[in-house]
Amino acid sequence: MRGDSGRFRSRREFLIGAAAAAAAGCGTPLLPLACAQSGSKTRQGAMAPTLNDVSGLRSLRAHGAAHGLLVGCAVNPDHLDGEPDYARTVAEQASIVVPENAMKWAALRPNATQYDFRKADDIVVFALSHEQKVRGHNLCWHEALPSWFAGTVTKENAAQYLTQHIRTVAGRFAGKLHSWDVVNEAIDVKDGRPDGLRNSPWLELIGPSYIELAFRTAREADGTALLTYNDYGIELDTPEQIDKRGQVMMLVRRLQARGVPIDAVGIQSHLSAGDVPGDGLIHFIRELRAMNLQVFVTEMDVNDRKLAEPVAERDAGVAKTYRDYLTPVLAEPNVTVALTWGITDRYTWLNGLQHASRADGKPERPLPFDYDYNPKPAFFAERDSIDGRPGQALPGADHYAPFNPTQPQRPQQ
Ligand code: XIL
């Protein structure tokens, strides 16, 4: 079935329909939060210890809804499919999810002519059956390009490859996604260009107009997803980050001045314990608000490699950084979404990164839930920060969709 976008479209309609039917027919109507909470059980079926019961009314998604904020995490479809604790935690905690890798070029493009949407579809089906929104990540990035890219994409055909990819991928999910990271990490001040643009393959092949091309094509393919520019290293008030933040602002201003459709800026927020945000980020968020742009915290985690054992102290240090960072940021009304890059320490990408590893070789603890799906101090710090937000409740904030362990499966191909 691969490579035939017409048939994909009809299969997607089948999938989306199946998800909706299962959600409706699961036998459990939407429960008022208070009711759901009183019956709350652990995964083993025993009554949960109070501190660890963060389902229903106590979840991040419920607190977010009460304060006008979508809350969620990056997800991996293999774990959603194969690990009930993972699936349950994501369903309970997130009102929005983003594929950690499943919508990147390398995941979707086995070769130059075909597309493989199976994993991406799994995430959309899961999310729809749990009343979650989905962010698309990403349409254009210098990383996660497939191995065939370098030998195949040339200066002559790069614009065509980019537009075709965006038309096919954004078109496939048109009307279903909350937002798209259209261009990811296009600024790198170290590359020394006056416009701050990174010397990425896309810049080398197409020139600076690739960014505009990507946004315009995304809008044509999906008229409703919020089109986002996403970047990292713009959170703090160090000289490098102030510089980079300034270049991101100039890029966004240039795009707006040319009438390029852009709706939001994503601030990745990969932090280290002890990082203290200055006023610069809040000014940046307010400037974006004056430009009519939303802001999303897209990939938050807190690296603890500078903190020594014991675990309790590491967890406290990580939680403090969650609190110090999120409390002022989430108080800004144009910040409408907050996601962590994963939900459980069990699967953090940091453990695979050499430069992020701890000297003592211990696994990192950067996320709201620990290896065994227990909420950590970072969870409570995040939730308190959400509660400090002066936002209005989202529609339906007093209801939640219970975890449906028998969600529809993607049909075999
Ligand atoms: C990371 C994933 O978490 C890893 O699993 C993968 O090996 C590499 O990419 N900024 C981004 C994300 O925009 O796509 C990256 O995700 C993390 C940094």
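The values are calculated or read from the model by the stated rules, or taken from the named source; none is laboratory data. Every value quoted in this text rests on a predicted model; they were computed, and no experiment measured them. Please note: Cβ atoms are built from the backbone with ideal geometry, for glycine as well, and neighbour counts cover all protein chains shown. Surface areas here come from the heavy atoms of the whole protein model, side chains and all, with no ligands, DNA or RNA. Shrake-Rupley method; radii C 1.70, N 1.55, O 1.52, S 1.80 Å.
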Given the conditions (1) under 25 Å from VAL295 (Cβ atoms); (2) open to solvent by less than 30 Å² (accessible area, probe 1.4 Å); (3) assigned to a loop (DSSP other than H, G, I, E, B), and given that PRO333 satisfies all but one, which numbered condition is not satisfied?
(2)
Can THR340 be described as of a type in the set (Val, Ile, Thr) and modelled with pLDDT of 95 or more?
yes
Among (1) in contact with a Ser or Thr (Cβ under 7 Å, 6 or more places away or on another chain); (2) within 14 Å of the ligand (Cβ to nearest atom); (3) open to solvent by 20 Å² or more (accessible area, probe 1.4 Å), which single condition is TYR347 missing?
(1)
Where a residue in region 65-87 is in a loop (DSSP other than H, G, I, E, B) and its partner, wherever it lies, is among the β-branched types (Val, Ile, Thr) and within 16 Å of the ligand (Cβ to nearest atom), with Cβ under 8 Å and at least six apart:
LEU69/VAL337
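Suppose we keep only residues that are more than 16 Å from the ligand (Cβ to nearest atom) and touching a residue at least 24 places away in the same chain (Cβ under 8 Å) within region 255-268. Which one would you say is most open to solvent (accessible area, probe 1.4 Å)?
Pass one, region 255-268, residues more than 16 Å from the ligand (Cβ to nearest atom): 255-263.
Remaining after also requiring touching a residue at least 24 places away in the same chain (Cβ under 8 Å): 255-256, 258, 260-263.
Values: LEU255: 10, GLN256: 68, ARG258: 150, VAL260: 9, PRO261: 26, ILE262: 16, ASP263: 38 Å².
Only one residue tops the list, namely ARG258.
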Where ALA214 falls short, out of the listed (1) open to solvent by 10 Å² or more (accessible area, probe 1.4 Å); (2) within 16 Å of the ligand (Cβ to nearest atom):
(1)
Inter-residue pairs, beta-carbon under 6 Å, first over 21 Å from VAL337 (Cβ atoms) and in region 125-146, second within 12 Å of the ligand (Cβ to nearest atom), 6+ apart:
ALA144/LYS104; ALA144/TRP105; ALA144/ALA106; LEU145/TRP105; PRO146/TRP105; PRO146/ALA106
Residues of region 95-152 satisfying the condition of being open to solvent by 20 Å² or more (accessible area, probe 1.4 Å), more than 16 Å from the ligand (Cβ to nearest atom) and among the charged types (D, E, K, R)
ASP116, ARG118, ASP122, GLU131, LYS133
Failed item, numbered, when LEU307 is tested on (1) in contact (Cβ under 8 Å) with a residue 40 or more places away in the chain; (2) in a loop (DSSP other than H, G, I, E, B); (3) farther than 26 Å from GLN132 by Cα; (4) of a type outside the set (Val, Ile, Thr)
(1)
Away from the ligand (no atom under 16 Å from the Cβ), on the phi > 0 side of the Ramachandran plot, open to solvent by 20 Å² or more (accessible area, probe 1.4 Å) and not in a helix (DSSP H, G or I): is that true of GLY223 in this structure?
no
Among the numbered criteria (1) in contact (Cβ under 8 Å) with a residue 60 or more places away in the chain; (2) more than 16 Å from the ligand (Cβ to nearest atom); (3) under 18 Å from PHE379 (Cα atoms); (4) open to solvent by 10 Å² or more (accessible area, probe 1.4 Å), which single criterion is violated by GLN294?
(3)
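Output the residues belonging to region 180-211 that are among the acidic types (Asp, Glu), over 24 Å from ASP122 (Cβ atoms) and either within 16 Å of the ligand (Cβ to nearest atom) or part of a strand (DSSP E or B) (or both).
Answer for region 180-211, where residues must be among the acidic types (Asp, Glu), over 24 Å from ASP122 (Cβ atoms) and either within 16 Å of the ligand (Cβ to nearest atom) or part of a strand (DSSP E or B) (or both): GLU185, ASP188.
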